[in-house]
1. Within 10 Å of each residue's Cβ, count the other Cβ atoms and sort B:Ile177, A:Ile164 from fewest upward.
2. Calculated from DSSP H runs of 4 or more alone, at -39500 (n - 2.57) each and per residue, what is the 222 nm mean residue ellipticity of chain A, nearest 500?
3. In nm, what does the list of distances from B:Asp10 to its counterparts in the other copies look like, shortest first, when each label sits 7 Å along Cα to Cβ?
4. Given Cα pairs under 8 Å that are at least 6 residues apart, what percent is the relative contact order of chain A?
5. Would you please put A:149-159, B:91-101 in order of how densely packed they are, using the mean number of other Cβ atoms within 10 angstrom per residue and starting with the highest?
6. Compute the label-point distances linking B:Thr54 to its equivalents in the other copies; points lie 7 Å from Cα along Cα→Cβ; give nm, one decimal, shortest first.
7. Hey, for a label at B:Arg60 modelled as a point 7 Å past Cα toward Cβ, could you say which residues of region B:87-113 have their backbone N under 17 Å away?
8. Nm distances between the label at A:Arg186 and the same-position labels in the remaining copies, 7 Å along Cα→Cβ, shortest first?
There are 2 protein chains.
Amino acid sequence: MDVAFVLYPDMTALDLVGPYEVLGHQPEVTAHFVAASLDPVRTDAGLTIMPTTTFDVLDRADVIVVPGGAAWAEVLEEGVVAAWLRKVHPTATWTTSVCSGSTLLAQAGILDGRPATTHWALRDELAARGAVVSTDRVVVDGSVVTGAGVAAGIDMALTLAGRIWGDDRAEFTQLVIEYDPRPPYRAGSPETASAELVAFVRGVIVGS
Amino acid sequence: MDVAFVLYPDMTALDLVGPYEVLGHQPEVTAHFVAASLDPVRTDAGLTIMPTTTFDVLDRADVIVVPGGAAWAEVLEEGVVAAWLRKVHPTATWTTSVCSGSTLLAQAGILDGRPATTHWALRDELAARGAVVSTDRVVVDGSVVTGAGVAAGIDMALTLAGRIWGDDRAEFTQLVIEYDPRPPYRAGSPETASAELVAFVRGVIVGS
């Protein structure tokens, strides 16, 4: 089973590495790290990842994982990831995104009229691109699975692992990665964070 | 503030990338990715990361983050990471680990008689190396902060961010990364997973 993890400059590393840790170890999986070229890809805060293949070369995958990143609008403008998604999505059993990665799926036409989720601060941006935006943490709609912001990639991938390999395998994986979250604060959602903080973070992320 | 993220072959990528996503974006932080050489480091399931410096060169850091990995016993035997920790820990304001990274801290003498945590399946292994093992998800003891298995790195780093920059900053970060976990299963802890699954995973991890 070929899993394509998409890389592009300034992507949010955790968007990718959450799903990677859940999916990458499954014995059926061959992991591919696909980018515009084989040059190292510098992610958001400096962590630099080596691609193993390129958008030109990799023309199919069973599972596609598209991360988000703060520079998502520039990535849309560039169009390279969406062009690749248009090519490979029809070959995939599962096409997935985390955080603003959903906007790339939307640009590729994959979310037209579909329920989907994204980072909480980008719901309007995703709705403007044709998706039926949900506030759920993970949305499964046919072959498309979307996750909310950054850390939601772990929830998204465990949900996906359950669909692909069954609940027992997903629970095995959850116990291996000791995913028993105990956030030391309650500010992880716009519903639980203070209104001031929500407004501030929204301003940082969408610039308004 | 110099944060040293330790890299070594077969390390668990999420152990590092959870804390990286929390700490790496803070405006005071300069992130360093330190390894035995500048060669790319292949992590557990193929994700390959570029170091920015080496153990020979980097002789101090304000914060040290040591990930774990399935090959932790071999990494102990090799001794390279522990030797570097002995050199730099005295320079650090905070020395931290995730998962079996704690065994490397222990090997360096940093956990002698200290409360510390680790992956749930490795508690005996850590106790055998001098730590006073806790079942807590995150343990702060003076300048040493340890996290439980893999996904606990996010909880560890948010706890640390609160200590370094205050609760407001930690909550800001939690909301940015939408860390509002909703695990689709309840198998993330040996207390909530089935006894059969716990025994099976323990066998996979510690080989008994």
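1. Values: B:Ile177 24, A:Ile164 19.
Least to most surrounded, the residues fall as A:Ile164, B:Ile177.
2. Numbers: 8 runs with 75 residues, N = 208.
Computed ellipticity for chain A at 222 nm equals -10500 deg cm²/dmol.
3. In ascending order, 3.8 nm.
4. Working: 408 pairs, mean separation 37.1, N = 208.
18 percent.
5. Working: A:149-159: 28.8, B:91-101: 25.5.
Output ranking for A:149-159, B:91-101: A:149-159, B:91-101.
6. 3.0
7. Counting only backbone N, you get B:87-95.
8. Inter-copy label distances (nm, one decimal, shortest first): 2.1.
Taken together, the values in this text are just the output of simple stated rules run on the coordinates, not laboratory data. Not measured: the values here are computed from a predicted model. In this analysis, Cβ positions are derived from the backbone assuming ideal geometry, glycine residues included, and neighbour counts consider all displayed protein chains.
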